[in-house]
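Written below as structure tokens is the structure these notes are about.
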Amino acid sequence: MLFDTHVHLNVSQFDEDREEVMRRAKEAGVEYMVIVGFDHETIPKAIKIAEENPSIYAAVGWHPVDAIDMTEKELTWLEELTDHPKVVALGEMGLDYHWDKSPKDVQKDVFRKQIRLARKVNMPIIVHNREATEDIIQILQEENAAEIGGIMHCYNDSVEYVQACLDMNFYISLGGPVTFKNATLPKEVAKVVPIDRLLIETDCPFLAPHPNRGKRNEPAYVSLVAEKIAELRGISIEELSQKTTENALRFFRIAE
Ligand SMILES: [Zn+2]
Ligand SMILES: [Zn+2]
């Protein structure tokens, strides 16, 4: 049984064949998933799909690329949504220095506001990080994110920063890049993260694992991520699947 902790089944790339994609996920053993919404369109859609499917949950947050669009109105909206029974985390939120639509200071401010909201409503967070690891760790420390814990989603930096994340009660989630032939960092990380802090994800439709790299990603392919990590750690895929699923259920506070 697998738990894909980060999917975007709520985006238009799945409008044509969403049911088919969910069926293939079930066939591949993907029992649970969390659909991540990150703006006005994707948040209601994530919640709607979660409402229709018992083992699918939703996370709601404001993406750092669009930080410039988040006002007090959106923040209040997010707070209201945390009351929904299928909303299990706030996010994705964080910093993305690859794109420059939102200036860094705006991104940081919006990130801090969402961490404060998470602490206020006592909900864990999902952190998106692109080329901003040091600033992210600093903000998480300053904002006391350890109190609520979180996920470093699609972790893609060196092992050097893993301990700081673990110290703040964070989980490390790995996705498709761990299977890429030329990716050394996620492979090293896959070996050192304590098994009880490890999660797996697809981040679909992005980052499809090998041998589907470059194609549209989907939750069924999380099995390829699990297979690769099990191989790197020298454990069975069954053990890796069981542990990461248990971790996700605990992290999202889902009662089985
Ligand atoms: Zn992300
Ligand atoms: Zn994402």
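Coordinate-derived values only; no laboratory data. Just so it is clear, the model here is predicted, and its values are computed rather than measured. Counting neighbours? That spans all protein chains shown, and the Cβs are built from the backbone with ideal geometry, glycine included.
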Spin-label model distance (nm) - Ser236 vs Val159, 7 Å beyond Cα toward Cβ: 2.7
Computed lengthening from Gln138 to Asn122, 0.36 nm per intervening residue step minus Cα-Cα distance: 3.7 nm
Label-reachable residues, the range 75-112, where backbone N falls under 17 Å from a point 7 Å from Ala255's Cα toward its Cβ: 84-88
Along principal axes, Cα extents of the range 2-251, largest first, whole Å: 46, 41, 32
Which of Tyr97, Tyr221, Tyr155, Tyr161 has the fewest Cβ neighbours within 10 Å, and the rest in rising order: Tyr97, Tyr161, Tyr221, Tyr155
